[in-house]
Amino acid sequence: MSAITELSQETVRSMAVGAVFTDYAGKISSIDFHRTEDLLITASEDDSIRLYDIANAKLLKTTYHKKHGADRICFTHHPSSILCSSRYNIESTNESLRYLSMYDNRCLRYFKGHKQRVVSLCMSPINDSFMSGSLDHSVRIWDLRVNACQGILRLRGRPTVAYDQQGLVFAVAMEGGAIKLFDSRSYDKGPFDTFLVGGDTAEVCDIKFSNDGRSMVLTTTNNNIYILDAYGGDKRCGFSLEPSPNLTTEATFTPDGQYVVAGSGDGTLHAWYINKPNEVASWNSYIGAVTCLKWAPRRVMFAAASTALTFWIPKSNEEPSNGEATAGE
């Protein structure tokens, strides 16, 4: 698997399934790549958390979490430590977030505060801060080292959160297409900028910054994808996808920030070149409508998930024409 540089349209078009993991007993609800190690973590409705070596397409470890379940998930800076949100018993235990060690399967800390499910979770790229957005209409800012919440933002509707790649700015998206930008060092002063995605009042499913910090990708519950200028909030381009009942859309930038990949409700995947907006590739996902989609930070590879997990890599000329190599668990 090659390291990332600038991607050509030919490379993007050549992406094909390189590995498939099929033994999940429910939908995969969240995936995350580690920033510096070749690792992927998944959380599933079957209460499992699974750790993969992406360089060798190998499952390293599976743990089950029957009491709390596993919903949203993300790596911390340490490759064997993760954050996971709970699916069950949130109101009775108040234990909506857990800091877990995959090395010895221990819970290192509970973070209490959210009254309903966490639907967005992200780790600061530069320090021990992280953010969570919940269906209780709040965003909470935390520090891995202490149990107590460090800050609360009260919002309208379902909130979605993201840090930029430098960790200096975070974005909070909410109902009505509003995106608020905060200085992560002085968020208590309120947002320094607010954008409106004109004409689309649907709730936001997901928001991400490109690696170069110039763009944001926003997906909504009515299956629209918008690419925004991260500095001025101008809408650079937008795409519409087929709906899928009870599924939210996730889109991902390539590491060079030139392309966006997303899954559609009809079981296809699509890639767009965003500098001169046009679709450069579409594929059959082979796993139905995808619930999760992320491009690896340092690799020419992305992962797509539904009730199975697939790793996509460039198809070499020596491989069979359909480009499918299967590595089941």
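Short version: ³J(HN,Hα) in whole Hz for each residue of segment 270-276, in order, from phi by Karplus 6.51 cos²θ - 1.76 cosθ + 1.60 (θ = phi - 60°), x for Gly and Pro, what are they?
Result, ordered by residue: 9, 10, 10, 8, 9, 6, 10 Hz.
Along the charge dipole of the chain, Cβ charges K/R +1 and D/E -1, which of 43, 293, 258 sits furthest on the positive end?
Among 43, 293, 258, the one farthest towards the positive end of the dipole of the chain is 43.
Can you give the accessible area per residue of segment 9-313, in Å², using a 1.4 Å probe?
That works out to 38 Å² for each residue.
Please list the three semi-axes, largest first and in whole Å, of the ellipsoid equivalent to segment 9-313, using sqrt of 5 times the eigenvalues of its alpha carbon gyration tensor.
Each semi-axis is √(5λ); the values are 26, 25, 17 Å.
With the crude spin-label approximation of a point 7 Å out along Cα→Cβ, what separation in nm comes out for residue 148 versus residue 94?
1.4
Out of residues 5 or more away from residue 39 or on other chains, whose amide H comes under 5 Å of its own, with H placed 1.01 Å from N in the peptide plane?
34, 54
What's the magnitude of the charge dipole for the chain around its Cα centre, counting Lys and Arg as +1 and Asp and Glu as -1 at the beta-carbon? Answer in Debye, nearest 20.
Using Cβ point charges on Lys, Arg, Asp and Glu, the chain gives about 940 debye.
Summing -39500 (n - 2.57) over the DSSP H runs of n ≥ 4 in the chain and dividing by its residue number, what mean residue ellipticity at 222 nm do you reach, to the nearest 500 deg cm²/dmol?
Numbers: 2 runs with 9 residues, N = 329.
So the helix-based figure for the chain works out to -500 deg cm²/dmol.
Could you tell me which residue out of 222, 142, 190 lies farthest along the dipole of segment 9-313 toward its positive end? Charges go on the beta carbon: Lys and Arg +1, Asp and Glu -1, centred on the Cα centre.
Most positive-ward Cα: 142.
Amide H to amide H under 5 Å from residue 151: which residues, 5+ apart in sequence or cross-chain, H placed 1.01 Å off N in plane?
Result for residue 151 returns 141.
Can you put 249, 36 in order of accessible area, largest first, using a 1.4 Å probe?
From most exposed to least exposed: 36, 249.
If only Cα atoms are counted, what is the Rg of segment 109-187, and what is its Dmax, in Å?
Using the Cα atoms of segment 109-187, the pair Rg, Dmax is 11.7, 35 Å.
The values are calculated or read from the model by the stated rules, or taken from the named source; none is laboratory data. Values in this document were obtained by computation on a predicted structure and should not be read as measured data. All Cβ positions, glycine included, derive from the backbone under ideal geometry; neighbour counts span all protein chains shown. In case anyone asks, the SASA skips ligands and DNA or RNA and just uses the protein heavy atoms, side chains included. Shrake-Rupley method; radii C 1.70, N 1.55, O 1.52, S 1.80 Å.
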